[in-house]
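All remarks here apply to the structure that follows.
Each value in this text was obtained by applying a stated rule to the coordinates, not by laboratory testing. Not measured: the values here are computed from a predicted model. Counting neighbours? That spans all protein chains shown, and the Cβs are built from the backbone with ideal geometry, glycine included.
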Amino acid sequence: MQTLRRSLLLALTLLAAPAFAHAAEVKVAVAANFTDTAKILAIAFEKKTGHKVVQSFGASGQFYTQIVNGAPFEVFLSADAERPVKLEADGLTVPGSRFVYAYGKLVLWSADRRVDAKGAILFKGTFEKLAIADPAAAPYGVAAVETLKNMGLYERLQPKIVKGGNIAQAFTFVSTGAAEIGFVALAQAKTAQGSLWLVPQSYYTPIDQQAVLLKTGANNPAAKAYLAFLKSPEAVKIIRTAGYDLK
């Protein structure tokens, strides 16, 4: 009888055990523009696999420096191709793991001003501050500068430019009124109140947002599963819906 009870208890324990017995954790460094989208993806990924995603958000340039200096990230979702390529050259990535997970779109956005078609407000100059992400650390900041130069407005508007450490901070400047208008990611402005101008993609270098598996995550099944999930139809739908392109 005792043996039978033990067998029944063991069976019940096994039945009550989590469905994902080999669940692991993956540490992901995420470009600031992709913050909200990455949070949605993490929920879907965790539900599907049982793995846990621990995310940090910030400027791609700052993440590059941190990774080179030993930060324990296992996956890097950059806002550009430059940093993942450099990490690859540095020997810090798993060969063949780098790919484009999204193509970013730049917009001029205001929470309370009318942003005219073709960015007419920029020519009018009827504002005190224009927010952009710091070009030294954030690809969207580079795209903003390229746009202003292509419009022939960079020199004229340079005194009005305020730089955020990343695109999330640039967005905050505008949303709080510290700047009347700003260049941000479409994914950020899409769900916010206000008006926007979708900048023609011919005005700036394509924002190829690349993902890469770092060597620190080479033996982590959760890291590999996460990158595989980013390529899945479910993830692609989430990314497109958020305001990014995928070829």
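Using the alpha carbon gyration tensor of segment 202-247, what are the three equivalent-ellipsoid semi-axes (square root of 5 times each eigenvalue), largest first, in whole Å? Before the final figure, lay out each step's value.
Values: eigenvalues 122, 48, 7 Å².
Each semi-axis is the square root of five times an eigenvalue, giving 25, 15, 6 Å.
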Problem set entry | Globularity ratio of segment 31-188, using Cα Rg and 2.2 N^0.38 Å | 1.14
For this session: Provide, for q = 0.13, 0.16, 0.17 Å⁻¹, the log10 of I(q)/I(0) from a solvent-free Debye sum over equal Cα point scatterers in segment 178-221.
Result: -0.53, -0.66, -0.69
Exercise. Which net charge results for the neighbourhood of residue 222, defined as the other residues with beta-carbon distances under 11 angstrom from its beta-carbon, given Lys and Arg at +1 and Asp and Glu at -1?
Worked result: 0
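Tell me the relative contact order for the chain as a rounded percent, counting alpha carbon contacts under 8 Å between residues six or more apart. Mind dumping the intermediate values first?
Numbers: 469 pairs, mean separation 71.2, N = 247.
About 29 percent, as a whole number.
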For this session: Starting from segment 56-124, pick out the trypsin sites (Lys or Arg not before Pro) whose DSSP state is loop and whose Cβ has at most 16 other Cβ atoms within 10 Å.
Result: 113, 114
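Mind checking the full-extension length gain between residue 68 and residue 136? Use 0.36 nm per residue of separation minus the Cα-Cα distance, one decimal, nm. Let's see the in-between values first.
Working: separation 68, 0.36 × 68 = 24.48 nm, distance 1.68 nm.
That works out to 22.8 nm of additional length.
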Problem set entry | FRET efficiency, residue 234 to residue 23 (Cβ-Cβ, R0 22 Å, nearest 0.05) | 0.75
For this session: Using only Cα atoms, locate the centre of segment 165-232 and the centre of segment 119-142, then give the distance between them in Å, rounded to an integer.
Result: 16
Problem set entry | Label zone at residue 126, where the point sits 7 Å out along the Cα-to-Cβ direction: segment 146-177 residues whose backbone N lies under 20 Å | 153, 156-158, 160-161, 174-175, 177
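Based solely on its DSSP helices, what 222 nm [θ] is calculated for the chain when runs of n ≥ 4 H residues each add -39,500 (n - 2.57) and the sum is averaged over all residues, nearest 500 deg cm²/dmol?
Working: 11 runs with 101 residues, N = 247.
So the calculated ellipticity at 222 nm is -11500 deg cm²/dmol.
Give me the extension gain from residue 218 to residue 117: residue separation times 0.36 nm, minus the current Cα-Cα distance, reported in nm with one decimal. Don't skip to the end; give the middle numbers.
Values: separation 101, 0.36 × 101 = 36.36 nm, distance 4.70 nm.
Full extension of this stretch gives 31.7 nm more.
Given a Förster radius of 22 Å and the C-beta distance between residue 247 and residue 56 as r, what FRET efficiency does 1/(1 + (r/R0)^6) yield to the nearest 0.05?
On the way: r = 27 Å, r/R0 = 1.25.
It comes to 0.20.
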